[in-house]
Amino acid sequence: MNDTCALFPLKSILLPDCVMDLQIFEARYLDMVSRSFKQGEDFLIVPLDTGPEVGNGDLRFSAIGCEALIVDWQQRDNGLLGIRVKGGRRARIRAAEVAADGLVRGVPDWLPEAPDAPLDDQHDDLMTLHGTLMEHPLAEGLGLPPVAGSQQRLGYQLAFLLPFDLDQKVALLATDSAALRLELINDWLEQMQA
């Protein structure tokens, strides 16, 4: 397959402009990270529907994922490689195959972001919630970029930080409109409170 990207299936999700810390220990993923460092080769984190994160089980993953850009790395105390990735572009996976080394590769169709829009008064409650979430020590340590009045950033960061289930987070990643993403988040929060 031409123009393929390595796929990294996880039982969690990466969203644009958000960050995730990963511990890499399987040979196929160490090779993937090495290629990313040396050749600037992209890889995509895709939400794992079924199958193990480790080993060679029967994997089923979402057809949408997020480009992972390595922003930091370190050798952990346990001897394993730790990397921090930042979410880049969204992509829908058109086709996938397993390479000889066990790494899954897919053909990405990169999804354009709809034009962003500024936040307004109807988003005040969501901005207040975001501020509260960002005061948590774990969130503070992530170094997320300021929302800066952006519907796009607010939606992705809330989707990342809130305890929605994986299917909901996948739906938010797949949503093209920032305004619709915020509406969904607001609706789901109201359902959680009811």
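Summary of values
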| read-out | value |
| --- | --- |
| Leading residue by the ranking (surrounded by the fewest Cβ atoms within 10 Å (Cβ to Cβ)) among those in segment 72-105 that are of a type in the set (Gly, Ala, Ser) and in contact with a Pro (Cβ under 9 Å, 6 or more places away or on another chain) | 88 |
| Unmet criterion (only one of (1) modelled with pLDDT under 80; (2) within 17 Å of residue 98 (Cα to Cα)) for residue 30 | (1) |
| So residue 157, is it surrounded by fewer than 20 Cβ atoms within 10 Å (Cβ to Cβ), among the polar types (S, T, N, Q) and either touching a residue at least 40 places away in the same chain (Cβ under 8 Å) or not in a loop (DSSP other than H, G, I, E, B) (or both) | no |
| Residue match in segment 36-48 (condition: buried (at least 18 other Cβ atoms within 10 Å of the Cβ) and more than 22 Å from residue 169 (Cβ to Cβ)) | yes |
| Complete set of residues in segment 34-55 that are among the aliphatic types (A, V, I, L, M) and either modelled with pLDDT under 85 or in contact with a helix residue (DSSP H, G or I) (Cβ under 7 Å, 6 or more places away or on another chain) (or both) | 54 |
| Options 14, 10: the member that is surrounded by fewer than 20 Cβ atoms within 10 Å (Cβ to Cβ) and either modelled with pLDDT of 85 or more or under 15 Å from the mean Cα position of the chain (by Cα) (or both) | 10 |
| Failed condition for residue 78, given (1) outside any strand (DSSP E or B); (2) at pLDDT 85 or above | (2) |
| Boolean, residue 96 is assigned to a loop (DSSP other than H, G, I, E, B) and modelled with pLDDT under 95 | no |
| Condition check for residue 121: surrounded by 12 or more Cβ atoms within 10 Å (Cβ to Cβ) and modelled with pLDDT of 90 or more | no |
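The values are calculated or read from the model by the stated rules, or taken from the named source; none is laboratory data. Bear in mind the structure is a predicted one, so any value in this text is a computation, not a measurement. All Cβ positions, even for glycine, are placed from backbone atoms using ideal geometry, and neighbour counts span all protein chains on display.
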